[in-house]
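The values are calculated or read from the model by the stated rules, or taken from the named source; none is laboratory data. Source: prediction; values computed, not measured. Every residue, glycine as well, gets a Cβ built from its backbone with ideal geometry; the counts of neighbours run over all protein chains shown.
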Amino acid sequence: MNLKILVINTDLTTTKVGLFQSTRPVFVGSIQHPDDELAKFTGINDQKDYREKVILDFLKENEVDIGSLGAVAARGGWLRPLESGTYLVNDKMLSELIEEKWGAHACHLSAQIGHSIAQKAGISCYVVDPLSMDEYEPIARYTGHKLFRRECLAHSLNMKAIAKHYAKENHLNYNKITVITVHLGTGISIAIHHKGKMVDAVNSREEGTFSGDRSGGLPVLQVVRHVIEKKLDFETFSDMVFGNGGFISYLGTKDFRKITEMYQNGKREAIDVVDAAAYQVAKDVGALATVNCGKINAIIFSGGMAHENYFVDLIKERVQFIAPVVLYPGGDEMEALAEGIQRILLKEEKAKTY
């Protein structure tokens, strides 16, 4: 089946729009929204009509008639914990995204706009492996105190896609193998996939290694003491560790290209911080390998930082004894969204209802 699929991926200051013929990109564009334009809106939901018009204008400029579309794929947001899959966007999902019932994120606009355009075209809109995808085993949810539980918040869309790519390219069944995926981006997510499910992961929001702007796991008693002494409210603290932590905290930037330049120019602080990040990633990979008693088919790297061979090598030398290391540099969420819809159209999977 060779239908046209419109893919929408909204972020804080950009809207990515792609047209795919099956899983082949016809064009993909990234629309930057100026700060002065976004400043006109009170909240994310208020931007819906503005961004939808921008998308429709972009499609018109590229001579795309929405009547020619077969389906719309939208990046999924924070919903209730869900098993992996492709979900039809319905009124219940939309109301929870608009209400921000489970959390707030700019990608919530993707489904809202996608559903609106799909209705105009008389077709369906879907989300694929949303942010809240959660396939943890019960044993993985324990934290150490009964008041708290571990949650899966990771780069699930990208990591599911590359795990399936690896399986397909090596003539393996994703539902019968065990792989560890490492997403090296502004946030670093690490997950273990076992027999078709992402059964455990390092939550890039509050666990594991630090990354571009995220602090990762922190010593809890030191953190609590700091919050109390400085009388920080939740939002201030959250911004400190998620947005201004990690490489920004240590080096003043999250741009890994600049950090790489510092590293290669021999700046001692940059060398120490990058080495520490690689060390922590390797530790998390090793920890997740124990979930399946060390029986791992492959360790798969993706994300923008995976383009930097020296950084991957720092991790690889510590983990390659566990399993072969495979690279898929970058991370094409647009393609992953299109592939999710294609699996539905080819009846390889069934669309799920939220």
Hey, among the residues in the range 104-117 that are hydrophobic (A, V, I, L, M, F, W, C) and part of a loop (DSSP other than H, G, I, E, B), which one's farthest from ALA338 (Cα to Cα)?
ALA104
Residues of the range 25-65 classified as in a helix (DSSP H, G or I), touching a Ser or Thr at 6+ places or on another chain (Cβ under 9 Å) and loosely packed, with under 12 Cβ neighbours inside 10 Å, total:
1
Checking the conditions here, which among ALA277, ALA287 is at pLDDT 95 or above and either surrounded by 19 or more Cβ atoms within 10 Å (Cβ to Cβ) or not small (Gly, Ala, Ser) (or both)?
ALA277
Top-ranked residue of the range 118-161 - restricted to ones that are under 22 Å from MET198 (Cβ atoms) and touching a Cys at 6+ places or on another chain (Cβ under 6 Å), ranked as surrounded by the most Cβ atoms within 10 Å (Cβ to Cβ)
ASP134
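Results for (1) among the hydroxyl-bearing types (Ser, Thr, Tyr); (2) modelled with pLDDT under 95, shown as yes or no for each residue.
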| position | (1), (2) |
| --- | --- |
| VAL72 | no, no |
| GLY85 | no, yes |
| ASN90 | no, no |
| HIS105 | no, yes |
| HIS115 | no, no |
| VAL127 | no, no |
| TYR142 | yes, no |
| LEU147 | no, no |
Can you tell me how many residues in the range 192-243 are under 22 Å from the mean Cα position of the chain (by Cα) and either among the polar types (S, T, N, Q) or under 25 Å from VAL273 (Cβ atoms) (or both)?
24
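Yes/no per residue for (1) over 18 Å from GLY330 (Cβ atoms); (2) without any contact (Cβ under 8 Å) to a residue 60 or more places away in the chain; (3) in contact with a strand residue (DSSP E or B) (Cβ under 8 Å, 6 or more places away or on another chain):
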position: LEU157; (1), (2), (3): no, no, yes
position: ALA161; (1), (2), (3): no, no, no
position: ILE180; (1), (2), (3): yes, no, yes
position: SER189; (1), (2), (3): no, yes, yes
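Among LYS101, LYS120, LYS146, which is the only one that is in the same structural domain as GLU339 (by TED's automatic domain parsing), without any contact (Cβ under 8 Å) to a residue 24 or more places away in the chain and either of a type in the set (A, V, I, L, M, F, W, C) or farther than 21 Å from GLY340 by Cβ (or both)?
Values: LYS120 fails: without any contact (Cβ under 8 Å) to a residue 24 or more places away in the chain; LYS146 fails: in the same structural domain as GLU339 (by TED's automatic domain parsing).
Sole residue among the options that is in the same structural domain as GLU339 (by TED's automatic domain parsing), without any contact (Cβ under 8 Å) to a residue 24 or more places away in the chain and either of a type in the set (A, V, I, L, M, F, W, C) or farther than 21 Å from GLY340 by Cβ (or both): LYS101.
Looking at GLY266, GLY303, GLY252 in this structure, which one is of a type outside the set (A, V, I, L, M) and within 28 Å of TYR136 (Cα to Cα)? Even if it seems obvious, please write down each step before you answer.
Numbers: GLY266 fails: within 28 Å of TYR136 (Cα to Cα); GLY252 fails: within 28 Å of TYR136 (Cα to Cα).
Only one candidate passes the filter, namely GLY303.
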Looking at the range 314-327, is at least one residue under 27 Å from LEU131 (Cβ atoms), outside the structural domain of ARG24 (by TED's automatic domain parsing) and in a helix (DSSP H, G or I)?
yes
When you scan the range 66-77, do you find a residue that is within 27 Å of ILE344 (Cα to Cα), of a type outside the set (A, V, I, L, M), in the same structural domain as VAL127 (by TED's automatic domain parsing) and in a helix (DSSP H, G or I), even just one?
yes
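Of the residues ALA306, ALA338, which single one is at pLDDT 90 or above, in contact with a helix residue (DSSP H, G or I) (Cβ under 9 Å, 6 or more places away or on another chain) and surrounded by 15 or more Cβ atoms within 10 Å (Cβ to Cβ)? Talk me through it step by step, then tell me what you get.
Working: ALA338 fails: in contact with a helix residue (DSSP H, G or I) (Cβ under 9 Å, 6 or more places away or on another chain).
Checking each option against the conditions leaves just ALA306.
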